[in-house]
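Undergrad: Submitted below is the structure of interest, expressed as structure tokens.
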Amino acid sequence: MTTHHSRPARFRIGALYLLFSLCATSPSSAQGPVAASVPDSLKEQAYSVVRDARTTYTWHSPVSGEESNSLTITILNERGKDHADFVFYGDKFRELRKFSGEVYDARGKLIRKIRKSDLRFSEYSPHLASDDSYYRYECLLPSYPCTVRYEWEVRHKNGLIGFPGFFPQKTYNQSVEQASYTLYIPDATPFRYKAFRLREPAKDHNGKLPAHTWRAAGIQAIEHEPFAPPLSALTPLLLLSPENFVFDGQPGSLESWESYGAFQYALLHKRDELPPAARQKAQELTAGAANDREKVRRIYEYLGETTRYVSIQLGIGGFQPLPAAEVFRTGFGDCKALTNYAQALLREAGIPSFYTEISTNNRDLLPDYPSANQTNHVILQVPLPQDTLWLECTNTRYAPGYIHSSIAGHQALVIRQGKGQVVRLPTRPDSLHTQHQDIQLTLAPDGAVSAQVETTSRLSRYEDWLYFEKLSPSAQTDRLRKHIHLTQASVGAISYEEKKETDPAFILRYSFTSPLYGNRTGNRLFVPLNPLRGGFGKLPVKPRRQEIYIRQGYNDTDHLTLQLPEGYSVESVPPSVQLRTPFGTLTSEVKATGNTLTVRQEVSVRSGRYEAEKYPELILFLNSITACYQGKIILKKE
């Protein structure tokens, strides 16, 4: 089967749970110097080694199954200590039935047994309403290397919308000696799977149920590298699901995205009914509006004024929204509920819109493997005669129709006319994600400075300032002070305006002073070229294994004017720079006119994927940016 990238996670709309279902197995032998027997190739860059991991899943019925796991893992050093912890997340669909564990020292001697009673159990959840629970064991090891063995069983009940996945390599700096996953399922029960960087399964029909087994072995540890794709795009993994399912009493099919959309459409049935007061409010809000776009804006702003986001993980396993009437009554809901409520208000105003599932992590939906765990969020599609708006109903701080960076360019599943339709959201060119800074600096003879700053940020750069107005005055001052790379900087008057448009902008104005802008040595002042940019730090050039992935490009432009103190002249300035690379461009120019210096710096970064061999060129580019930002001007007293 073809290979695509996907995040190994269990999906609930509005929340994403990583299930550390430690795909594991009983050790071939717990005796002897277990760490010494690890091949040297698997120790390279490794903090831990999965020695043997096995998962078996047995299908019992369309609504139930049994999962058996065992894991043997050797922790090589202190940095891998968290790899020894056990975590299990349960809910009304998954129940931990059995558990045991053992800890062995470096010589293979048993030093501790772990029982289910040793696990910490909690039903605490950050969500307002949830049926989740979890078991956790923090494995404190006496020394390193050390080997831990876990065995546990899980009962699956109340519906199967997906089978447990197979993720043998769960974290960076972890290698895998051997791991396997076996699915026992009748031939008459069709299932679907998507394998990534795994061979086709071995099939065995000798037991009571046909067995399908996937294996992984000799997987080297992956070290985290800057600008790398997500770990799930690099490691072996397996996704599985029944083709036809029953989930919390609701039947569905995963034969296609259309059929999965039909399942979601059924969950929305009659959830958008509004009480008379809400219907009247929608009519009042849109009365006299010049056009449909204005109606959408008014309802979207009303949504933001009268509701707030809370995470709710109840109702068909977290897939079904609260009724719109309930959101109108209480004023809260999760992404599902708020989107469904907005859809109901717009329908009352005569504007059709469509509930839409999307992922904030994955750009693409697998075309040949529909499943419920590929999306983690819900937004609203509003087709208008001249344009299609996408509404982020959980965060109305965004302008209506603005597609924020977490979903721009992503594929989504629009639920309309009783089925699902895969579409791709628009994205804007890197060159439109801009930040422009105009900085007026006046330097005193003793090195003190006073400054006036105006910053205009657009699109993804605008998102960085989305909640600035919600901060207290002191918090606003503290945030701006962090952007000023000067000792003892003091922020003065702050003002701002937000342009809530489809391409929104945030305009910020403030002043600052510092007694230590110029460093005085004898009759010279050493002055920073750009006090509001720090760069990337000094990045070392190292051998690169993974491709380079720059998710979001942007364009930053700074224009500085420095008024020199009386009696000083320019002795030297940094040289002009014009640098063009596959990753972007850099321009830095300094000009002196009388007692005024002007500095213009522009950095453009391009999003995209690049070969690993280009990494030294990327580091040169980033280091050049840092060097330009941190350049010095030398002034001499006449």
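Undergrad: Applying the selection to the stretch 456-510, what residues are part of a helix (DSSP H, G or I), closer than 23 Å to GLY535 by Cα and open to solvent by 50 Å² or more (accessible area, probe 1.4 Å)?
TA: Within the stretch 456-510, ASP478, ARG479, ARG481, LYS482 qualify.
Undergrad: Of the numbered conditions (1) of a type in the set (Gly, Ala, Ser); (2) in contact with a Pro (Cβ under 6 Å, 6 or more places away or on another chain); (3) open to solvent by 40 Å² or more (accessible area, probe 1.4 Å), ALA188 satisfies every one except a single condition; which is it?
TA: Failed condition: (2).
Let's see how each residue does on (1) charged (D, E, K, R); (2) touching a Pro at 6+ places or on another chain (Cβ under 7 Å); (3) more than 19 Å from ILE625 (Cα to Cα); (4) open to solvent by 50 Å² or more (accessible area, probe 1.4 Å):
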residue	(1), (2), (3), (4)
ILE548	no, no, no, no
PRO565	no, yes, yes, no
PHE583	no, no, no, no
VAL590	no, yes, no, no
THR596	no, no, yes, no
ARG600	yes, no, no, yes
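Undergrad: For the stretch 352-374, check the following and say yes or no: at least one residue is open to solvent by less than 10 Å² (accessible area, probe 1.4 Å) and more than 21 Å from PHE263 (Cβ to Cβ).
TA: No, the stretch 352-374 contains no residue that is open to solvent by less than 10 Å² (accessible area, probe 1.4 Å) and more than 21 Å from PHE263 (Cβ to Cβ).
Undergrad: Out of the residues in the stretch 516-572 that are in a loop (DSSP other than H, G, I, E, B) and small (Gly, Ala, Ser), which is modelled with the lowest pLDDT?
TA: GLY537
Undergrad: For residues that are hydrophobic (A, V, I, L, M, F, W, C), more than 30 Å from HIS60 (Cβ to Cβ) and part of a loop (DSSP other than H, G, I, E, B), scanning just the stretch 202-230, find the one that is most open to solvent (accessible area, probe 1.4 Å).
TA: PHE227
Undergrad: Pull up the stretch 120-179, narrow it to residues that are of a type in the set (Asp, Glu) and not in a strand (DSSP E or B), then point me to the one that is modelled with the highest pLDDT.
TA: GLU138
Undergrad: Go through the stretch 513-531 and report how many residues are aliphatic (A, V, I, L, M) and more than 18 Å from VAL573 (Cα to Cα).
TA: Residues meeting the conditions: 1.
Undergrad: So the check is Cβ under 8 Å with 6+ separation or different chains; which pairs have a first residue in the stretch 612-626 that's open to solvent by 60 Å² or more (accessible area, probe 1.4 Å) and a second one that's of a type in the set (Lys, Arg) and outside any helix (DSSP H, G or I)?
TA: GLU613/ARG544
Undergrad: When you go through GLU589, GLU602 one by one, which is the residue that is modelled with pLDDT of 95 or more, assigned to a strand (DSSP E or B) and within 21 Å of ASP464 (Cβ to Cβ)?
TA: GLU602
Undergrad: May I ask you to verify whether GLU284 is open to solvent by 50 Å² or more (accessible area, probe 1.4 Å) and without any contact (Cβ under 8 Å) to a residue 12 or more places away in the chain?
TA: Spelling it out, GLU284 is indeed open to solvent by 50 Å² or more (accessible area, probe 1.4 Å) and without any contact (Cβ under 8 Å) to a residue 12 or more places away in the chain.
Undergrad: Let me ask something else about it. Could you list, in sequence order, all residues of the stretch 572-597 that are within 24 Å of SER431 (Cα to Cα) and not small (Gly, Ala, Ser)?
TA: VAL577, GLN578, LEU579, ARG580, THR581, PRO582, PHE583, THR585, LEU586, THR587, GLU589, VAL590
Undergrad: Within the stretch 231-257, can you find the residues that are surrounded by fewer than 16 Cβ atoms within 10 Å (Cβ to Cβ) and in contact with a Lys or Arg (Cβ under 7 Å, 6 or more places away or on another chain)?
TA: Of everything in the stretch 231-257, just one residue is surrounded by fewer than 16 Cβ atoms within 10 Å (Cβ to Cβ) and in contact with a Lys or Arg (Cβ under 7 Å, 6 or more places away or on another chain), namely GLU243.
Undergrad: Now for a different question. Specify which of the listed residues (ALA228, ALA202) is in contact with a Ser or Thr (Cβ under 7 Å, 6 or more places away or on another chain) and of a type in the set (Gly, Ala, Ser).
TA: Only one candidate qualifies: ALA202.
The values are calculated or read from the model by the stated rules, or taken from the named source; none is laboratory data. All of these numbers come straight from a predicted model, not from anything done at the bench. Neighbour counts run over all protein chains shown; Cβ positions are idealised from the backbone, glycine included. SASA here: full protein model, heavy atoms, side chains in, ligands and nucleic acids out. Shrake-Rupley method; radii C 1.70, N 1.55, O 1.52, S 1.80 Å.
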